[in-house]
Structures are given as structure tokens and as C-alpha cells.
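What follows is a short report on a single structure.
The values are calculated or read from the model by the stated rules, or taken from the named source; none is laboratory data. What you see is a predicted model; the values in this text were computed from it and never measured.
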Amino acid sequence: MPETSGGDDAVSALTAERDGLKVRVSELEATVLQLNQDGDALKQQLASANGTITELETVRDALSQKLDALQAGSQNPDKKAKG
């Protein structure tokens, strides 16, 4: 009978280890799901930020053109007076 007792202890230990590993796998799966959700949210934020940057670059370019036109007009006051 001692062999059975030792075998039972080994089985119990392996069962406990298996159960612990199942819990750990579940935790890791939950972490992966959360990371995927976080990644998706960050992708959306990046797309929004890129859209804002594009809009601001368009405004900047338009203002730069207006500034260039004003500077050109101030360098040629005769043209401005005639216009």
C-alpha cells in the first residue's frame, strides 16, 4: 500500500500543478485580450492624431502662403499701391 500512497501524492502534486498552470494560462489570455484592446485604442488615437496633424499642416501651409504674399507686397509697395 505505500506505493499507492506515494503515487497518490504524486498525482495530487501533478494535479495541483496542472490547476495552477490553468489559472496562469487564463491570466495570460486575459492579459493578451486587454493588450489587444489597448492596441486597438492606441491605433484609433494615432489615426485621429495623424488627421489633426494633417489639418494643422494644411492651415500652416495656407498661412505661410499668405505671409509670403504679404512679405512680397511689402517689398514691392508700388505693386500694392497700384493693385
Here is a check on your reading of the model: is Lys22 over 16 Å from the mean Cα position of the chain (by Cα), of a type in the set (Lys, Arg) and at pLDDT 95 or above? yes
Being in a helix (DSSP H, G or I) and modelled with pLDDT under 95 narrows Ser64, Ser74 down to just Ser74
